[in-house]
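**Q** Can you keep this structure in mind? I'll have questions shortly.
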Amino acid sequence: MRFCPEAPTRRLWVLAQDPSITDSRGIPLFTQVKVPNERLVSGPKGARIHVVDYDATLDKLIAPHPAPDVDIAEAVINGARAPTKAAIRNLLGNPAFHAQNCYALISNTILEFERALGRTIQWGFESGGHQLKVSPHAFNDMNAFYSRDDELLAFGYFVKPNSEGEFVFTCLSHDIIVHETVHAVLDGLRTEYIRPSSIDQAAFHEGFADIIALLSGFRSSELVEFALTSGEPDALIAKRRLKPEALRKSFLAGLAEEFGANMGEANLAALRGDALRRSVEMEPDTSLYHDEALRISAHDFGEVLVAPLINAFLAIWWRRIEPLDPLGGGMIDLERAVEEGTTAAQHLLRMCIRALDYLPPANLSYGDFLSALITSDMETAPDDTRYGYRTAIRESFASYGIAPGSPADDAAWLLPQDEADQLTYGFHGHAEMTWDREAVFRFLWENADILELHPDAFTKIVSVRPVVREGPDGFRVRETVVEYLQILHTFASGLGSLDIERPEGMRTSEFIRLYGGGTLIFNDYGKLKYHIATGVASTKQTRRLKSLWDMGAFENETSGESNFASLHRSRAMGSSSRRKREQW
C-alpha cells in the first residue's frame, strides 16, 4: 500500500510581482510558493490544473515542459552566487518558465482557499471536470480572462509601446494570475454570482479578486522588505515610512504594475500611477457606495469594495507596528515590521475567503460581504480586542458609505431566537445532514414557513459542505454549510403582488425570472446557527431588476459565463465606464 509523500507540499520559484519590479541591478524579484507535492506530467498537468500552451493568434501549440517535476528557475536563481541579467532574461523568455509561473501561482491560490475554507473546492464547470485549463500565451491582446464555458484561464501578451518588439506577458504578472484564478475559484464556490444581477454582485467578482491578489502579494516577506526599503535594507526602518498614507504609494498597494504602465496612450496609468488599479488611494467618502457614475462599471465599482478593505489592512498593520517603538525613537526593527505586515495580511486573506461561506447565494450586496467578514472572523477568532480587526473593517467600510447587511450592533449575522426555537429537526440524523442533499431538502420543506421560503418557487439544494476551520490561535470550528436556490417565474404585471417595483418603462408582459436563496450554517451538533438569505420576493429584487433594466440585460439576456473577456477588454481600453450593457 502506498501513501502520498511525507511532505504534502513542495516549493517552486515564481516572479514575486512581475518583471517591472527589479532590484538595483535590474534583476526582477523572485520568491518561492508552496504547491501540492503531486504527480505531474508534461504541461505541467496535475490533478487540478492542466497547462495547455496554445496560441490562438498564431494557431500554434507550444511544446509543454517535458520535465515538469524540475523547477526550471532553481538552477538560474540558486545555481549561481549572483544571477546574470542574461541568464534571467533567458529564463523570462522561456515558455516553460511561463507555464511554471502560472501553475505555481494558481496552485498556491487554490491551496490558500482550501486551507481557509477547511475543505477542497470544486470548479463550476457544467461538465463536472476536475482540471482547470490554463493557456499562458492564449492570444496577442491586452487581456486575460476566465471562461467557464471553456474551463479556461487565458493569458494574453502584447508588444510594449515604444519598444523594439519587447513583449509584455500577463502570465508573468502575479496580480493578474491570482486575480483570474480567484474568478475561477469563486465561480466554483458561488455559481450564481456570475449571473447578471445588481452591480454589487457583478462588481464583487472583480473587487474580491483584486483583494485576494493584493493580500496574496504579502506571502513573500522578501517582496515586502524590498517595497519598504526600496531595495536597500537595513536592520532598522523609520517608523514614518510605515504610516498608512506612505504605504498607499507603495507598489504593494497597486495592482498589475507592468500591465498598467504599458497600456498605451489611452491607458489608466495617468490616473492610477504605475499600476493598473490603485484602489487604496480612493479617498473615503460616504457617498461613494451610492455614486451612480461608479455603479455603471463592474471594475470601477469594484474599487469601492477594495478601497475600504485594503485601507483597513494598512490601519491594522500600523496598529501592530506601534508597540515596536515603545520609547518613541522613530526607528523600529525592519524584520519585525515585515512580519507584522505579512501576519496581518494572512489573517485578512483567510478572513475574506471564509466570508464566502457566510454570504447569500444570490443577489448579494457589499453590506452582505461586510457582515460575512465580521461573522467569519468571530467564529474562528472570538477575541478581537488586541488589534481590532473587526472594528477597523467596520469603520473603514462605513467611511465609504457601506452599511452592514445585518441589523446587529456588531454587524454580524444572527438567527433570531424565536425562529431558532420553532425549527423542526429529527427526520434525519445529524450525520445525514452533513452530506445528504435530500436530508437537507427535507429540513427546508418542514421549516419553509419559518425560513420564509416562497411556496411557488422552484427550490433546490445546490451544495452541502462539511468544513473544519482553524483560527489564528488554533481554535477549531466544525460546521456544515448548505446553499439552496429558489427560482420564481412571473410576468412584470405580477411584480406588484410580490411587493417588487416594476422598472419604469418595462412592459407588463415582460417575462421575469426571479432568483433568490439562502445559506444555512449548522453547528457541530446539527443545530442551525445562521440563515443568510435573499428571497425571491425580498426588497433586493427591486434594485436588481432596475439595475438589469438600466443596463439593457432584458434586451440581450446573457447567462454571463463567457463574458469576462469583454469585461476585461473594455476596462483595458478605458471604455468600461461608458458601457451601459451588463457585460457578464
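**Q** Grab the beta carbon distance between residue 325 and residue 11, set R0 = 30 Å, and tell me the FRET efficiency rounded to 0.05.
**A** My answer for the efficiency is 0.30.
**Q** My understanding is that a pair violates if its Cα-Cα distance is over 27 Å; which of 133/460; 60/133; 60/160; 249/540; 85/160 do that in this structure?
**A** Table pairs above 27 Å Cα-Cα are 133/460; 249/540.
**Q** For the stretch 417-544, what is the convex hull volume of the alpha-carbon atoms per residue, in Å³?
**A** Looking at the stretch 417-544, the number lands at 124 Å³ per residue.
**Q** Measuring from label point to label point, each 7 Å out along Cα→Cβ, what is the residue 489 to residue 94 span in nm?
**A** Here the modelled spin labels are 5.7 nm apart.
**Q** Also: In sequence order, what are the phi-derived ³J(HN,Hα) couplings for the stretch 510-524 according to the Karplus relation 6.51 cos²θ - 1.76 cosθ + 1.60 with θ = phi - 60°, rounded to whole Hz, with x for glycine and proline?
**A** 3J(HN,Hα) across the stretch 510-524, in whole Hz: 5, 7, 10, 10, 9, 10, x, x, x, 10, 9, 10, 9, 7, 5.
**Q** Can you name the helices of the chain, as whole DSSP H runs, whose Cα span along the helix axis is 24 Å or more and whose Kyte-Doolittle mean is not below 0.5?
**A** 199-216, 298-321
**Q** Can you pull the one-decimal nm distance between simple spin-label points at residue 504 and residue 163, each 7 Å off the Cα toward Cβ?
**A** 5.0 nm
**Q** What list of ³J(HN,Hα) values in whole Hz, one per residue of the stretch 449-459 in order, does the Karplus curve 6.51 cos²θ - 1.76 cosθ + 1.60 (θ = phi - 60°) give from phi, with Gly and Pro shown as x?
**A** 5, 5, 7, 6, 7, 6, x, 9, 8, 6, 10
**Q** Right, next: Between 196, 65, 356, whose Cα lies farthest towards the positive end of the dipole of the chain when Lys and Arg beta carbons carry +1 and Asp and Glu beta carbons carry -1, centred on the Cα centre?
**A** Of 196, 65, 356, it is 65.
**Q** Would you order 352, 102 from fewest to most other beta-carbon atoms within 10 Å of each residue's own beta-carbon?
**A** Lowest count first: 352, 102.
**Q** Can you tell me which of 138-150, 160-172 comes out highest on packing, and rank the rest after it, using the mean Cβ neighbours within 10 Å?
**A** Taking the mean over residues of other Cβ atoms within 10 Å, the ranking is 138-150, 160-172.
**Q** Taking neighbour Cβ counts within 10 Å as the exposure measure, how do 31, 109 sort from fewest upward?
**A** Ascending Cβ contact count within 10 Å gives the list 31, 109.
**Q** Which of the lysines could be linked to residue 546 by a straight reach, that is with a Cα gap under 22 Å, when you skip same-chain ones fewer than 8 residues away?
**A** 580
**Q** Among 223-229, 210-216, what's the highest-first ranking by average C-beta atoms within 10 angstrom per residue?
**A** 210-216, 223-229
**Q** Considering amide H positions built from the backbone, and no H for Pro or chain starts, which residues 5 or more places from residue 517, or on another chain, come under 5 Å of its amide H?
**A** 486, 534, 535, 536
**Q** Which log10 I(q)/I(0) values does the stretch 210-399 give at q = 0.09, 0.10 Å⁻¹ under the Debye formula, counting every alpha carbon as one identical point scatterer?
**A** With one equal scatterer per Cα and no solvent, log10 I(q)/I(0) is -0.35, -0.43.
**Q** Filter the trypsin sites (Lys or Arg not before Pro) in the stretch 14-70 down to the DSSP loop ones having no more than 13 other Cβ atoms within 10 Å, then list what survives.
**A** Passing both the DSSP loop test and the Cβ count: 25, 39.
**Q** Using a Förster radius of 45 Å, what is the FRET efficiency between residue 452 and residue 130 based on their Cβ-Cβ separation? Nearest 0.05, please.
**A** Efficiency for this residue pair is about 0.75.
**Q** Also, I was wondering about something else. Which order do 191, 385 fall in if you start with the one that has the fewest other Cβ atoms within 10 Å?
**A** The most exposed by this proxy come first: 385, 191.
**Q** Provide, for q = 0.14, 0.18, 0.22 Å⁻¹, the log10 of I(q)/I(0) from a solvent-free Debye sum over equal Cα point scatterers in the stretch 299-353.
**A** -0.46, -0.66, -0.84
A short reminder: the numbers here are calculations on the coordinates, not readings from a lab. Bear in mind the structure is a predicted one, so any value in this text is a computation, not a measurement. Reconstructed Cβ throughout: ideal geometry from the backbone, glycine too, with neighbour counts over all protein chains shown.
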